[in-house]
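Enquirer: Here's a structure for you.
None of the figures in this text is laboratory data; all of them are computed from the coordinates on show. These numbers were taken from a predicted model, which means no experiment stands behind them. Because the Cβ atoms are built from the backbone with ideal geometry, glycine has one as well, and the counts that use them run over all protein chains shown.
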Amino acid sequence: MSSPATTPRSLAEALRARDDASLAALLRARPDLITPVPTDLTQLATRAGTRASVVRALERLDRFALQTAQALAVAPDPAGYDVLLGLMSGDEGDPAVEAALPRAVATLREQALVWGGDDRLRLVRTARELLAPSPQHPSPTGLGPTVQEAAAGMSPGRIQEIVAAAGLPSTHDSVSAIAALTALFGDRERMAALLAGAPAESREVLDRLVWGPPYGQVTAHPAPRLRWLLDRGLLLPTAPGTVVLPREVALRLRGGRAHRSTEPLPPALEVTGTHRPQVVDATAAGQAYTALATVEELLKDWDEGGPAVLRAGGLSVRDLKRTAVALDVSEPVAAFWVELAYAAGLLASDGEADERYAATPAHDEWLELPPAERWAQLAQAWLTATRTAGVVGGRDAKDRTLSALGPGLDRSAAPEVRHRVLSLLAGLPQGASPSADSVLARLRWERPLRGPQQDDDLRGRLATWALSEAEMLGVTGRGALSEHGRALLGAPAPRPADEASGAGGQGPGDKLPVHHHVPLPLEPLTPAEQATASAAAARLLAPLLPEPLDHVLLQADLTAVAPGPLRRPLADMLGVLADVESKGGATVYRFTPGSVRRALDAGRAASDLHAFLAAHSRTPVPQPLTYLIDDVARRHGHLRVGAASAYVRCDDDALLNEIMADKRTAGLRLRRLAPTVLATQADPATLLDGLRAMGYAPAAESAEGDVLITRADAHRTPPRSAPEPVPDGPPTPDATLLAAAIRAIRAGDRASTTPRKQPPSTSGDLPRTSSAETLATMQAAALTGEAVWIGYVNAEGSASQRVIAPIRVEGGFVTAYDHTADEVRTYPLHRVTGVAELAED
């Protein structure tokens, strides 16, 4: 208990009594209070009581701490701890509430929502206004106004009638009458005696109102069951046709409880399966490899320039469908991979007049990294991104469809929810996977004001997406957090499954509830810590990823089977020489005349292709494949196409006769210029495509008659940075900023509360000091927090004497609280003519 002599009279005084560690905890929990830094503790207290700041603080309370604040809002102001405990646990008491209530009160105190000693707990006025009941905004407790508030507009005569009907002696004034009525309703025995004589119908009315809402409608001539309650003040009129159940009556009917049910402990996480850690890590590694392959395939598909950018920004529905088909996934999953590549800075719009999406230069650097490091980069981008693929296809505030890569996808709460979901998984026994419903219930307990009533349960949807996306990305495996996923969070080593549960070997169908205390969640990492965590995650993942192969298995049916991931040069060359027929654990490539011609167009000779296949096949090169390459190579370039608008020349005039006789060339409008030359008005590209569609293998040639080697040039955007996450309010200050801010606040507070000191002389001039002496004295004063007397010459040459309390000295400037101007100012040191310590009064 706090003694009256030490009981603070205001929130500012309560903050003034805190140590630096307690102030740092407040500013860390409510970073909006430090933007900008308050000049003193009085301003900090004022800012902590503003509506916007209090609403934000209430939104970050867990359910039990919020229930405690709600109980204080309907308690007398101030309220003793015993009164609060009675409101939370009721007349019968609740051991769980008794054990958890000190933590809740400490949380409210730490966040400056409650101040005062245990004998005089005060909820800050703004929070009381937000949580207290009113006709427009019913209290979450379901309680109505007090007897004094409800009877404020009643006539003294009517109040005396109620007192008499309740069996109380009449009084000389309404104030004492209301006090007597209040005491009656708060007395358990007398209240029980009064209700014992109530008709059963009247008790039914009370039962309907007791847990809220406390308001009801009556006619001009109330029924007997209502008249009995009105005559005794158990119902009081608040407006014509409206009555209310007074707070004291409801509390007595509830057995003293402010809430129908309290939740002092968070819901248990229900473990639906426990798997061996090796299985979890292997499963997650397989998903991580698939994630890398999917992103690489997406960017390779857009290598020569991807889909066009919509005028409003983003991908069209048609392009998203095409991407989903190309990746062999659903459209929501395709949107996730596209957004992930964008968040990692691997793709962006090219900014051209005909704007399209394409890979960025960072993509080429990313491809050169080892697979585990590439995965860590993707996972870290996902963990911190505010862009949310799950809302793609929904509607914005203006009823416009939200498109992938378009505007309006940022949800500032997404990083916090992802981090919290993974933190919950990290707190489970190793290899344990929880049910999604229990995770959602836990998150709603931790942030009840951001639950179903707020933004259509956005946090619940974010958590659901986080669980599925973590599995697709390979952060989790079989629903459990992997070892490399744990390292990505910077989480401590996991507990063994048998240590946490008391039994091992739970199967997938078993359900094991896991209860937790309410520890502080794992804090998001700083950029430096993220880099360290990513490197650690990559080291753990690397041994689990399949080793790239340098060979394939050629088969007689003109296919090649890659039994695993291929090394990049082999995969790139095989992607040109053959078409991918099927994917999975093993990739099947098929050789066709068109794919072989594509390799020849890229500048490869037939001998190069034979040597490549022989060097990288574990089986002999099948004869049909050798014949296919030789046959396409023999015909490749036999026909030459140039610009006439376009022409075809060939030394074999019989082949040209065959082309002219073919009815499929009618659309090309070919005409013979010479026995070995045909001409057309079509452009060379159209002519090449038309002849190739007819089964020929023409080659383009230059003006000099040389065969043109055509390669697919990779299209890249100019250098682009990854999109910046949209913060969910002011960022949490680091230790350096907190220390500096607290020093400044303390200095300003000392300056505003300490009696003013006088200069050493009121008539003489200030002694002059050298630059070194001035700097040393300023630095010492900044360390001790003492005020000093300075002589100062401003830019206009006007000299003055000032009393300042230095806060920071750096870069040739001193930032100090100026007692003369009563504000924080910054002075150039070279304009300070002299400095001296102040003499005490």
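Enquirer: Mind giving me the nanometre distance, one decimal, between the label points for GLU201 and ASP653, set 7 Å out from Cα along Cα→Cβ?
Expert: Computed distance between label sites GLU201 and ASP653 equals 11.8 nm.
Enquirer: Measuring from label point to label point, each 7 Å out along Cα→Cβ, what is the PHE813 to ASP662 span in nm?
Expert: Roughly 7.8 nm, to one decimal.
Enquirer: Still on this structure, please answer the following. Within 10 Å, count the other beta carbons around each residue, average over each peptide in 428-434, 589-595, 474-480, 602-608, and list them highest first.
Expert: Numbers: 428-434: 23.6, 589-595: 17.4, 474-480: 25.4, 602-608: 14.1.
With the highest mean Cβ count within 10 Å placed first, the list reads 474-480, 428-434, 589-595, 602-608.
Enquirer: Now, a different point. For a paramagnetic label modelled at 7 Å from the Cα of VAL726 toward its Cβ, which residues of the range 353-397 fall within the zone defined by backbone nitrogen distances under 18 Å?
Expert: Within reach of a label on VAL726, which here means backbone N under 18 Å from a point 7 Å along Cα→Cβ, the range 353-397 contributes 382-397.
Enquirer: Follow-up. What angle, in degrees between 0 and 90 and rounded to the nearest 10, separates the Cα long axis of helix 771-784 from the longest principal axis of the Cα atoms of the chain?
Expert: The angle comes out near 70 degrees.
Enquirer: Moving to a separate point now. If each residue's Cβ is checked for other Cβ atoms within 10 Å, how do ASP579, ASP572 rank with the fewest at the top? Display every interim value, and only then the final one.
Expert: Working: ASP579 15, ASP572 12.
Lowest count first: ASP572, ASP579.
Enquirer: Which angle from 0 to 90°, rounded to the nearest 10, does the C-alpha axis of helix 458-473 make with the longest principal axis of the chain?
Expert: 40 degrees
Enquirer: What's the FRET efficiency of GLU368 with LYS583 using the Cβ-Cβ distance as r and R₀ = 25 Å, to the nearest 0.05? Walk me through the numbers before you get to the answer.
Expert: On the way: r = 24 Å, r/R0 = 0.94.
Once rounded, the FRET efficiency stands at 0.60.
Enquirer: Identify the GluC sites (Glu not before Pro) of the range 338-408 meeting these criteria: DSSP loop state and at most 10 other C-beta atoms within 10 Å of the C-beta. All intermediate terms of the calculation are to be shown ahead of the outcome.
Expert: Values: sites: GLU339, GLU352, GLU355, GLU365, GLU368, GLU373; in loops: GLU352, GLU355, GLU368.
In loop regions of the range 338-408 (DSSP not H, G, I, E or B), the sparsely surrounded GluC sites (Glu not before Pro) are GLU368.
Enquirer: For the pair ARG51 and ARG669, how long in nm is the line joining their label points, each one 7 Å along Cα→Cβ?
Expert: About 7.4 nm, to one decimal.
Enquirer: Now a separate question. Rounded to the nearest 10 degrees, what's the angle between the helix 200-209 long axis and the longest principal axis of the chain, both from Cα atoms, 0 to 90?
Expert: For helix 200-209, the angle is close to 50 degrees.
Enquirer: Full-extension gain between ALA799 and LEU783, please, as 0.36 nm times their residue separation minus the C-alpha to C-alpha distance.
Expert: Details: separation 16, 0.36 × 16 = 5.76 nm, distance 2.68 nm.
Length gained, ALA799 through LEU783: 3.1 nm.
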